[in-house]
1. Please specify each residue of region 103-140 satisfying the condition of being at pLDDT below 95 and within 14 Å of ligand 1 (Cβ to nearest atom).
2. Here is a list of conditions, (1) more than 14 Å from ligand 2 (Cβ to nearest atom); (2) surrounded by fewer than 14 Cβ atoms within 10 Å (Cβ to Cβ); (3) modelled with pLDDT of 95 or more; (4) closer than 23 Å to LYS334 by Cα, and GLU198 meets all of them except one; can you say which number that is?
3. Would you call GLN266 outside any strand (DSSP E or B) and either more than 23 Å from CYS136 (Cβ to Cβ) or away from ligand 2 (no atom under 16 Å from the Cβ) (or both)?
4. Looking at SER258 and the list (1) at positive phi; (2) surrounded by 15 or more Cβ atoms within 10 Å (Cβ to Cβ), which single condition is not satisfied?
5. For region 210-234, name all the residues that are surrounded by fewer than 18 Cβ atoms within 10 Å (Cβ to Cβ) and within 14 Å of ligand 1 (Cβ to nearest atom).
6. Only one of (1) closer than 28 Å to ASN211 by Cβ; (2) in a helix (DSSP H, G or I) is not met by ASN147, so which one is it?
Amino acid sequence: MDRFFVLPKTKFDLFFNKLVSTGKLYAPVAVSEKSYSFKSVIRPDEIAWQALRTILPPKKYFFKETETILTYKDNEIKEVLPESTNFSILGLHPCDLASLSIMDKIFLDYPSDTHYAIRRKNAFLIGTSCMPDEHCFCESMGTSSVNNTYDIFLTDILDKYFIEVATAKGKEFLDSLGDSVHKSDSSDESQYKTFWREREKSFKIGFKEPNLKSLMNLEIDNPIWEELGNQCLSCGNCTPVCPTCYCFDMLDTVNLDSVSGQRDRQWDSCQFTMFAGVAGDFNFRATPVERLKFWYRHKLHGFEDPYGLKTCVGCGRCTVSCPAEIDDIVGLVKVLQNSSP
Ligand code: SF4
Ligand code: SF4
């Protein structure tokens, strides 16, 4: 399968209209001067190409904030499956795509999550290139290059988009655009390489740490945890905005007839006071210090053992969302590094 193509920007309307004709299209839209949100778009001029990080990450289209899993009446239980049709998401940056590959492992590895799997199967993913700002550190987390969790990926090369194709679905879509898309030539490829080389040089923050797992283990009693934890408000903002946070709660509601009801799943946060509370009035992580340390460990160390990966993709969403201004992962890693022998 040919993998590299170009689309002149003058033909983007055609590209857009084709996409919209296949189902709903979601893309970053400006919701204030500096905030962006993935929303349904019907016109190309609604797309905020300049958006780096949306408030909520793309996980919201696969793992819903709240949804009914089952209903029951007397002894009969009915599984409630999501109503999902084909949809596309445009504007996924490399960190977003890396986050989806992590979510895929969590929700699609055996036993897979039916709700996530149905939506994921219906999704057409369009990655787009970006230039890092002062909060991006995907390069430090190894997630700055284009991975394969996309159907097509657009790199902005001045008057064209350089398009990489990763799936048969992606190729089929490009074929449907006819002559508007053509194979890349050496000049396009050279512009593509220049773009990504420039991008690599543009990171403003970051760290080099070959073994974050060991660092996190060595520094488990570092005083920084007390310092940060004591400022934490336990508001939980950092978890819904994190593209790889997936904890949820199950809520059972019994109707007044007492023989019917439903089970709902909704996002939860390990930063909430009672997240690790259990019967007998015991709480495994009763203090903000313990909860914050737990979260950071999950992001920077947590999945090394089963999957060999960290769950932070360096998007900076937690940094810009924390009202206490303590979610500075790059700053934290530097403190830990400077404390290590
Ligand atoms: S921990 Fe923060 S920077 Fe890392 S992926 Fe989550 S929101 Fe992004
Ligand atoms: S957003 Fe900040 S203050 Fe709120 S729970 Fe997370 S670390 Fe604590």
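The values are calculated or read from the model by the stated rules, or taken from the named source; none is laboratory data. This one's a predicted model, so the numbers in the text were calculated from it and none came from an experiment. Cβ coordinates were reconstructed from backbone atoms using ideal geometry, including for glycine residues, and neighbour counts include every protein chain displayed.
1. Matches in region 103-140: ILE106 only.
2. The number of the failed condition is (4).
3. no
4. So the condition that SER258 fails would be (2).
5. Scanning region 210-234 gives no hits.
6. Every condition holds for ASN147 apart from (2).
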